[in-house]
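Participant: I'd like to ask you about the structure that follows.
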Amino acid sequence: VKGRATHASIPYAGINAIVRACKAIGAFEAYAMDISKGSISNSSNSTGMISSSKRRCIPRCSVTMIAGGVKENIVPDECSFTIDRRVAPYEDVKDVIDEIKAVLDAYAEEYEMSIIAERSPVCIDESSIIVRGLSDALASIGMKDGDDLLYCFPGSTDNEHIVREGIESIVWGPGSIEQAHAVDEHIEIDDVRRCAYALALLLSRLGY
């Protein structure tokens, strides 16, 4: 986000880039709430693992980094921040980029935008043999209804590349995404044990 530098004793002579950036960040927080509730949608309906409402993928947007200012007595002429926008399978990446630009146009006024990384989501059908096999395996070892443990995984993995090659693949294992990147990130030993049993059953059902 661009501004105009000046001495901090005469802030009216400049344009504070940090203040501009904060306005845009506040707008992205509101935008994040809107997309999580489905208030913004430029996408078409899709099929597959998101067809069930209880497993519907929810778009997310988070401001994850910010940097600005060079000295305590200078009104900054530049402030940069990074957002992480998680795209759901039923969204179009181009539409999402346009949404981000619209927020910046309205609140950042003068800015430059660059895309650090762009990855598209994938999904496979709920009737897939690997999905049904895992669901049955989970139910067999008493992990509630196996279907209740299947959902849209919001993180980035190599699964994207596997599915795009036409190979049915899912992401599943011990632990919870809620623990990922946290200070107490961990996996319960019992979860590892149950997952090993479930994977063994799945392989058996697949004929291995």
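Throughout, read-outs are computed from the coordinates displayed, never taken from laboratory work. Predicted, not measured: the structure shown is a model, and the values here were computed from it. Positions of Cβ are generated from backbone atoms using ideal geometry, with glycine treated the same way; all protein chains shown enter the neighbour counts.
Participant: Going by amide H atoms built from the backbone, whose H comes under 5 Å of the H on Glu78, apart from near neighbours?
Facilitator: Result for Glu78 returns Gly3, Ala17, Gly69.
Participant: Take the Cα atoms of the stretch 65-123, find their three principal axes, and give me the spread along each one in whole Å, biggest first.
Facilitator: On the principal axes, the stretch 65-123 reaches 51, 20, 12 Å in Cα extent.
Participant: Kirkwood Rh and Cα-based Rg: tell me the resulting Rg over Rh for the chain, rounded to two decimals.
Facilitator: Reported Rg/Rh, Kirkwood definition of Rh: 1.11.
Participant: Take a quick pass over the chain and tell me how many lysine pairs come in under 29 angstrom between Cα atoms, counting only ones 8 or more apart or on separate chains.
Facilitator: Eligible lysine pairs with Cα atoms under 29 Å apart amount to 14.
Participant: Oh, and also: Taking amide H positions as placed 1.01 Å from N in the peptide plane, with prolines and chain starts having none, which residues 5 or more places from Ala8, or on another chain, fall under 5 Å of its amide H?
Facilitator: For Ala8, whose amide H was placed from the backbone, the distant partners under 5 Å are Ile74, Val75.
Participant: Please check the chain for the longest run free of GluC sites (Glu not before Pro) that are loop-located per DSSP (anything but H, G, I, E, B) and have at most 15 other Cβ atoms within 10 Å.
Facilitator: 1-71
Participant: Then there's this: Around Ile167, what is the net charge, scoring Lys/Arg as +1 and Asp/Glu as -1 over all other residues with Cβ under 15 Å from its Cβ?
Facilitator: Spelling it out: positives minus negatives among the neighbours equals -4.
Participant: Counting pairwise Cα distances across the stretch 129-205, what percent come out greater than 18 angstrom?
Facilitator: 47
Participant: A further question on this structure: Suppose every K and R has +1 on its Cβ and every D and E has -1 on its Cβ; what is the size of the dipole of the chain about the Cα centre, in Debye to the nearest 20?
Facilitator: Value, rounded to 20: 160 debye.
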